[in-house]
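Shown next, in structure tokens, is the structure this report addresses.
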Amino acid sequence: MATHKLIIAGFGGQGVMLIGQMIAYAGMLEGKEVTWMPSYGPEMRGGTANCTVIVSDKKINSPIISEATSVVAMNLPSMVRFEDTVVPGGKLFVNRSLIKEKPGRDDIDVYYIDANEIAASLQNDKAANMVILGAIARVTGIVELESIEKVMEKLFIGNKSKLIPLNKQALTAWKG
């Protein structure tokens with residue numbers, strides 16, 4: 001594995017920060033070097049939110065990313081803002097449920113994921129972030145799905161533990 005540098009962006013309430021945290025925690029479980037850095041817009045819920053995640057076998061000198069190996073755009077403003085940060089040959093994950101426009105680049109790999117529709121088919125609209133998380137893990141190999149599931153079991157406790165089976169199902173729901 002090389003160093004993976006991700007930017008995950010969307011609006012508040014889409015679970016953008018949770019995607020990043022879960023990747024970072026899964027990386028830690030796998031003994032990798034990780035950073036996770038959140039950034040919020042003026043409002044939390046409904047405002048813009050993004051985070052950067054770096055996962056590497058080597059020491060990480062800075063959590064700041066100017067060029068990303070992958071970008072996740074959960075809404076159109078996020079794609080517009082971060083598309084240019086993807087390195088040539090990098091990956092752009094587009095939530096096609098909310099983004100109808102195509103990216104303006106042909107030097108990156110683009111993955112269109114109907115995250116909201118897939119989550120709705122699982123009877124939980126809020127699982128769109130887990131659909132995207134599963135796609136990221138499978139396409140990039142940044143962390144293993146099993147590690148994400150272990151993180152889920154540690155994070156989703158108490159009342160939230162009942163969401164674990166659904167979220168595990170959402171991780172593998174995208175068939176891209």
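Given the criterion modelled with pLDDT of 95 or more and in a loop (DSSP other than H, G, I, E, B), identify the matching residue among GLY31, GLY13, GLY20.
Working: GLY13 fails: modelled with pLDDT of 95 or more; GLY20 fails: in a loop (DSSP other than H, G, I, E, B).
Selected residue: GLY31, the only one of GLY31, GLY13, GLY20 that is modelled with pLDDT of 95 or more and in a loop (DSSP other than H, G, I, E, B).
Among the residues of the stretch 35-50, not a single one is farther than 20 Å from ARG138 by Cβ, assigned to a helix (DSSP H, G or I) and of a type in the set (S, T, N, Q).
Hand me the list of helices (runs of 4 or more DSSP H) wholly inside the stretch 62-176 holding 1 or more residues that are surrounded by fewer than 13 Cβ atoms within 10 Å (Cβ to Cβ) and of a type outside the set (Ser, Thr, Tyr).
145-155, 164-171
The values are calculated or read from the model by the stated rules, or taken from the named source; none is laboratory data. These numbers were taken from a predicted model, which means no experiment stands behind them. We place every Cβ from the backbone using ideal geometry, glycine too, and count neighbours over all the protein chains shown.
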